[in-house]
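Asker: Quick one: structure below, then a few questions.
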Amino acid sequence: MSRFDTALASFSLNGKVALITGAASGLGKATAELFLDVGARVVVADLDGEAAKATVEELDVGDRAVAVHIDVADEAAVKRAFAESATTFGPLDVLVNNAAYRNKADTMSMSVEEWDRMQAVCSRGTFLCLRQAVEQMRGKGGSIVNISSMSAQHPTIFPNMHYDAAKAGVDAITRLAAVEFAKEGIRVNSVLPGGMTTPGVAKMHASTVAITGPATIPGRSVMGRAADPIEMARAVLFLASDAASYITGAELLVDGGFTKG
Ligand SMILES: NC(=O)c1ccc[n+]([C@@H]2O[C@H](COP(=O)([O-])OP(=O)(O)OC[C@H]3O[C@@H](n4cnc5c(N)ncnc54)[C@H](O)[C@@H]3O)[C@@H](O)[C@H]2O)c1
């Protein structure tokens, strides 16, 4: 093996098993595709089971990808999905906690139910999936990447207090879990995306609550554009892979400089 090949090998997921939540759209789907490109077997887990199946068909990698229905907010559904994953591919090496939804909800008028659902999907979902992954990684190690948001650290002028608070919770989970599970060889990190062009964001832009400067509008970022999901997926791969073997508890901002502008 040349030195070039050895250097690149640390970014490979060859033979590894990865479960990605929310993998039927946007960043989750781009991450699934990239992980497959670098040799992983991938569980495409999503609330929209039909979209997950369509994603697996589209990825067209035979039995290296499988679709699984999951509602990350529901413990029984999470347990079922992780058990199905283990039966298909064996224990996990990588978990990407990516599932989330975003709706515009004004601070003064959002309902308590809306607040609670956001916490349930983003922060409880991360907690529930992390616990199942740790069970499967115990004894052999693994890597967990939690998808947070730059809005956990910096207001983005969306009236999305419930989302920002939930994502701050995700980062707290990352920091604590990194410390708690380091001795088991499990690394836990966050990626904090800036604005990305995804179906989820397009849907949000089309909804009715007024916004005054979303991060995905060109010019709001110092780089003058939003990210393509693949640019975020590469950061997820870095943290998931052995290339990041000494990184745990990190919160990696991938925001095109937005928070410095
Ligand atoms: N797009 C952005 O600008 C942006 C910015 C910062 C952070 N993020 C984060 O990146 C991640 C991906 O965002 P995206 O824009 O690709 O989203 P998206 O809306 O395009 O896709 C999200 C996927 O998650 C699934 N999902 C929703 N609720 C679920 C649940 N309860 N259980 C399982 N799956 C569920 C949806 O069906 C969908 O397939 C999210 O964590 C989001 O908060 C996105």
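Asker: For the stretch 32-43, what are the residues that are open to solvent by 30 Å² or more (accessible area, probe 1.4 Å) and away from the ligand (no atom under 16 Å from the Cβ)? Let's see the steps before the verdict.
Answerer: Of the stretch 32-43, the ones open to solvent by 30 Å² or more (accessible area, probe 1.4 Å) are 33, 37-38, 41.
The answer is ASP37, VAL38, ARG41.
Asker: Would you mind stating whether ILE157 is at pLDDT below 95 and of a type in the set (A, V, I, L, M)?
Answerer: Yes.
Asker: Of the residues that sit in the stretch 97-134 and are without any contact (Cβ under 8 Å) to a residue 40 or more places away in the chain and among the charged types (D, E, K, R), which one is farthest from ALA235 (Cα to Cα)?
Answerer: Taking the stretch 97-134 as the starting set, the residues that turn out to be without any contact (Cβ under 8 Å) to a residue 40 or more places away in the chain are 108-109, 111-113, 116, 131.
From the residues that got through so far, the ones that are among the charged types (D, E, K, R) too are 113, 116, 131.
On the way: GLU113: 33, ASP116: 30, ARG131: 23 Å.
Once the filter is applied, the top-ranked residue is GLU113.
Asker: I'd like the residue in the stretch 18-31 that is near the ligand (Cβ under 6 Å from one of its atoms) and in contact with a helix residue (DSSP H, G or I) (Cβ under 7 Å, 6 or more places away or on another chain) and, out of all such residues, is nearest to ALA235 (Cα to Cα).
Answerer: Looking only at the stretch 18-31, we keep the residues that are near the ligand (Cβ under 6 Å from one of its atoms), and these are 21-22, 24-28.
Now drop any that are not in contact with a helix residue (DSSP H, G or I) (Cβ under 7 Å, 6 or more places away or on another chain), which leaves 21-22, 24-27.
Values: THR21: 17, GLY22: 17, ALA24: 19, SER25: 17, GLY26: 15, LEU27: 11 Å.
Among them, the one singled out is LEU27.
Asker: Right, here's the next one. Quick one: which of GLY185, GLY200 is within 11 Å of the ligand (Cβ to nearest atom), modelled with pLDDT of 85 or more and not polar (S, T, N, Q)? So that I can check it myself, show each step before the final result.
Answerer: Numbers: GLY185 fails: within 11 Å of the ligand (Cβ to nearest atom).
The match here is GLY200.
Asker: Suppose the filter is at pLDDT 95 or above and out of contact with any Pro (no Cβ under 7 Å at 6 or more places or on another chain); does GLY39 pass it? Even if it seems obvious, please write down each step before you answer.
Answerer: Numbers: at pLDDT 95 or above: yes; out of contact with any Pro (no Cβ under 7 Å at 6 or more places or on another chain): yes.
Yes: the conditions hold for GLY39.
The rows are residues; the columns are (1) out of contact with any Asp or Glu (no Cβ under 8 Å at 6 or more places or on another chain); (2) open to solvent by 10 Å² or more (accessible area, probe 1.4 Å).
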{"site": "ALA99", "(1), (2)": "no, yes"}
{"site": "TRP115", "(1), (2)": "yes, yes"}
{"site": "SER123", "(1), (2)": "yes, yes"}
{"site": "MET137", "(1), (2)": "no, no"}
{"site": "MET161", "(1), (2)": "yes, yes"}
{"site": "ALA168", "(1), (2)": "yes, yes"}
{"site": "THR174", "(1), (2)": "no, no"}
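Asker: Let me ask you something else. Considering only residues that are touching a helix residue (DSSP H, G or I) at 6+ places or on another chain (Cβ under 7 Å) and either outside any helix (DSSP H, G or I) or among the aliphatic types (A, V, I, L, M) (or both), which ones fall in the stretch 247-261? Before you say what the answer is, go through the steps one by one.
Answerer: Restricting attention to the stretch 247-261, the residues satisfying the condition of being touching a helix residue (DSSP H, G or I) at 6+ places or on another chain (Cβ under 7 Å) are 247-249, 251-255, 258-259.
Across the stretch 247-261, the qualifying residues are ILE247, THR248, GLY249, GLU251, LEU252, LEU253, VAL254, ASP255.
The values are calculated or read from the model by the stated rules, or taken from the named source; none is laboratory data. As the structure is a computational prediction, the values presented were derived from the model and not from experiment. Positions of Cβ are generated from backbone atoms using ideal geometry, with glycine treated the same way; all protein chains shown enter the neighbour counts. Ligands, DNA and RNA are excluded from the accessible area calculation, which covers all protein heavy atoms including side chains. Shrake-Rupley method; radii C 1.70, N 1.55, O 1.52, S 1.80 Å.
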